[in-house]
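Engineer: Take this structure, written in structure tokens, and hold onto it; I'll ask about it next.
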Amino acid sequence: DDTEVPVRRDDWQYYARTEKGKAYPIYCRRQNAAGAPEEIIFDQNAAAEGHAFYQLGGFEVSPDHNYLALLVDTNGYEDFVLRVKDLRSGEFTADTADALGFGLAWASDDCTLFYQTTDDAKRANQVWRHRLGDARERDVSVYVDADPLFNVGVRRSRSGAFVFLTSSSFTSTETWLLDARAPESTPQLVAARAIGVEYDVDHSGDWLYLFTNRDDARDFKVMRAPVENPSAWEEWLPLRTGVFVEGVDLFRDFAVVSERVNGLRRLRIAPLAETADAHYVDFPEEAYGVVLDENPEFTTNVIRFTYSSLITPDSVYDYDVVARTRELRKRDEVLGGYDPALYHVERRMAPARDGVLVPVSIVYRAPLERDGTRPAILYAYGAYGHIIEPTFSSARLSLLDRGFVYAIAHVRGGQDMGRAWYDDGKMFGKMNSFFDFIDCAEFLVRERYASSDRLVAHGGSAGGLLMGAIANLRGDLFHAVVADVPFVDVINTMLDASIPLTAQEWEQWGNPADPAAYEYMRTYSPYDNVRRGEYPRMLVTSGVNDSRVAFWEPAKWVALLRAKKTDSNVLLLKMNMGAGHGGATGRYERLKEVAFRYAFMIDQTTATENRQPGG
């Protein structure tokens, strides 16, 4: 049993809780008054009955708190169905739409809802306006983008004043403002898309605030513009050397700017009054992760964030931006008498072959005698600018207590060390991601945290591409490799624009129709570089309903590996026949998937030579 810390929205407190033996959350609310009874607004367990898979892609309560809009996926392919529940009667309305993408937003009239549809390649390409009670045929298209490089989006500002209609590629952005009080009005353009210019918009008072890389601000800065003249941008928080701006969240009287310095996130509290000074929320540990929570209240002096580290469980704090004090509201309970003092965290910098220092976050059960005898796992993702934070996992304790060293390689392709870190790990710099991972592994071996005969490499999706590449390049360095839903058939996938995600990905990997891009991709595409020779022990996982990395990619890769490899090392393909890219949905089924993966890692790193599965 577990219960979230309630989130205040107007006169209500919203939260989710779980019950022992039930796989999904129960979403609840109660009024702010003392002793108010609990109201269950959506029991996902009841809704999931009869479905092996049940995922929510959207969950939005109307501003008047009378309706709940949901996006439901029951097979993992991420084709969502819209459902609307009347929270006064407890009944679902007749309002519905299918084949939708992620994203929902309510207008301020409490009866108008915006949703997104996708094209044949599952690109979010259109935003629609739906009025409660109307048939689907009466819904109105309010925004459409035909450019295959761009995905559209829709969201409501925290202030409630606007619905933002966005269109973004990996290198360019465009945003339109729709008056949330007049949902049938004409959207207003903030700034037209421009090559290489990205921006994101939030609102407070008379101003729009934009974090952007405009004017060669590679690590981003914050600008603002009058609501009445959105194109008149002026600098508000300038570009600063060594500071990467990740986002800005607006409240009535202040902004929270998420920044990254030396690979770690910090929160800058910046009052909107011109005369007030900004300050930072400080965090104590050598390596940690912090994320600003939903914080739906616009008029407040208190923000909520969740903090954790490799040894500190998820900890929910309320922070008073005026008093500059924090209150711990909840720390996740770890069963079994967990004592963080038994474990140790290190942040090391591993030298890459080109001289760049790559951060490595390391955790283990202390004390550690660095003699290379412990089994070790090195994990990485390394793509899309996605950052792998060094945060807590209770499941990981199962490995640490068995003596494993667990390390995260913050390789190029992520944005851990700023935008250049991302840019240097994509397109014609993609090999840097693979070399960084190999160099971090060699660092761990050289520093005697691990040895090659007990070292496991792990990554998923784009991180699965990383696994495929390093298995070809330096399979001898790793005892075992675990590749989850791996993107391994790079060239064939990127040649077929009808496949989901392909066209947009041309700005990540390149378009193989370009000879130079083809030649570069040909040097690392895992499927195209399978060689005759020895490979590590391998576990490959996939889902038959995966819309992001089609199941045939890992299946054909495994078939080719089996045909060409010359060793007798185990090579397993585990296909989930009822799920998609994210695997199982119920919390118990997710734990079973983790347990299977861990069992493989433990078995292979403790097995005797030539031991067969189950032997």
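The values are calculated or read from the model by the stated rules, or taken from the named source; none is laboratory data. Predicted model only: the values in this text are computed from it and were never measured. Heads up, the Cβs are rebuilt from the backbone with ideal geometry, glycines too, and the neighbour counts pull from every protein chain shown. Side chains are part of the model used for accessible areas, which takes the heavy atoms of the whole protein and leaves out ligands, DNA and RNA. Shrake-Rupley method; radii C 1.70, N 1.55, O 1.52, S 1.80 Å.
Engineer: Using a 1.4 angstrom probe on the protein heavy atoms only, could you order 111, 440 from most to least accessible area?
Structural biologist: Descending order: 111, 440.
Engineer: Keeping all protein chains in place and using 1.4 angstrom, which order do 601, 431, 575 fall into by accessible surface area, from largest down?
Structural biologist: 575, 431, 601
Engineer: So, one more: Given the whole protein assembly as supplied and a 1.4 Å probe, what does the accessible area of residue 401 come to in Å², nearest 10?
Structural biologist: 80
Engineer: Then there's this: I need the shape label for segment 35-162. Rule: rounded when a/c is under 1.5, else prolate if a/b > b/c, else oblate, with a, b, c from the alpha carbon gyration tensor.
Structural biologist: Judged from the Cα gyration tensor, segment 35-162 comes out oblate (a/c at least 1.5, b/c at or above a/b).
Engineer: Moving to a separate point now. When a/c reaches 1.5 or more, the comparison of a/b and b/c decides; with that in mind, is the chain rounded, prolate or oblate per its Cα gyration tensor?
Structural biologist: Rounded is the answer for the chain, as its axis ratio a/c remains below 1.5.
Engineer: Tell me whether segment 238-332 comes out rounded, prolate or oblate; compute the Cα gyration tensor, take square roots of the eigenvalues as a ≥ b ≥ c, and use a/c under 1.5 as the rounded threshold.
Structural biologist: Verdict is oblate for segment 238-332.
Engineer: In addition: Once the Cα atoms of helix 552-564 and of the chain are each reduced to a long axis, what angle between those two axes, in degrees from 0 to 90 to the nearest 10, is obtained?
Structural biologist: 10
Engineer: Now for a separate question. Give me the percent of accessible area attributable to carbon and sulfur for the chain, probe 1.4 angstrom.
Structural biologist: 49
Engineer: Label-point separation (nm) for residue 448 and residue 393, each offset 7 Å from Cα along Cα-to-Cβ?
Structural biologist: 2.8
Engineer: Now for a separate question. Got a number for the accessible area of residue 392? Probe 1.4 Å, square angstrom, nearest 10.
Structural biologist: Residue 392 exposes around 40 Å² with every protein chain in place.
Engineer: Sorted by average packing, counted as other Cβ atoms within 10 angstrom per residue and highest first, what order do 579-587, 484-492 take?
Structural biologist: 484-492, 579-587
Engineer: Also, quick follow-up: I'd like to compare 419-426, 17-24: which one has the highest average count of other Cβ atoms within 10 Å, and what's the full order after that?
Structural biologist: Result, highest mean first: 419-426, 17-24.
Engineer: Sequence-distant or interchain residues sharing an amide H contact under 5 Å with residue 330, placed H: which?
Structural biologist: Under 5 Å from the amide H of residue 330 lie the amide H atoms of 316, each far enough along the sequence or on another chain.
Engineer: Keeping to pairs on different chains or 8 or more places apart, tell me how many lysine pairs in the chain have Cα atoms under 21 Å apart.
Structural biologist: Taking the Cα cut-off of 21 Å, the pair count is 9.
Engineer: Can you give the accessible area of residue 467, probe radius 1.4 Å, in Å² rounded to 10?
Structural biologist: 0
Engineer: Residue-wise, which Karplus ³J(HN,Hα) couplings in Hz belong to segment 249-262, taking 6.51 cos²θ - 1.76 cosθ + 1.60, θ = phi - 60°, and x for glycine or proline?
Structural biologist: Running phi through 6.51 cos²θ - 1.76 cosθ + 1.60 with θ = phi - 60° gives 10, 9, 10, 4, 10, 7, 10, 10, 9, 7, 10, 10, 10, 6 Hz.
Engineer: Give the angle, between 0 and 90 degrees and rounded to the nearest 10, that separates the Cα long axis of helix 587-606 from the longest principal axis of the Cα atoms of the chain.
Structural biologist: Relative to the chain, helix 587-606 is tipped by roughly 20 degrees.
Engineer: Figure the gain on full extension for residue 146 and residue 560 (residue separation times 0.36 nm, minus the Cα-Cα span) and round it to one decimal in nm.
Structural biologist: Residue separation times 0.36 nm, minus the Cα-Cα distance, leaves 145.3 nm.
Engineer: When the solvent-accessible surface of protein heavy atoms is calculated with a 1.4 angstrom probe, in what order do 231, 167 fall, highest first?
Structural biologist: Largest accessible area first, the list is 231, 167.
Engineer: Also, I was wondering about something else. If you stretched the chain out fully between residue 599 and residue 532, how much longer would it get, using 0.36 nm times the residue separation minus the C-alpha to C-alpha distance?
Structural biologist: 21.3 nm
Engineer: Scan around residue 143 for amide H atoms under 5 Å from its own, H built in the peptide plane at 1.01 Å from N, and keep only partners 5 or more places away or cross-chain.
Structural biologist: Those lying under 5 Å, H to H, from residue 143 are 127.
Engineer: Moving on to the next point. To the nearest 0.05, how large is the calculated FRET efficiency for residue 332 and residue 386 if R₀ is 30 Å and r is the Cβ-Cβ distance?
Structural biologist: E(calc), rounded to 0.05, equals 0.80.
Engineer: Can you work out the accessible area per residue across the chain, with the rest of the protein chains kept in place, probe 1.4 Å, in square angstrom?
Structural biologist: So the chain comes to 41 Å² accessible per residue, rounded to a whole number.
Engineer: Amide H of residue 569 versus every other amide H placed in the peptide plane: which residues, excluding those fewer than 5 positions away on the same chain, fall under 5 Å?
Structural biologist: Sorted by chain and number, the residues that satisfy this come to none at all.
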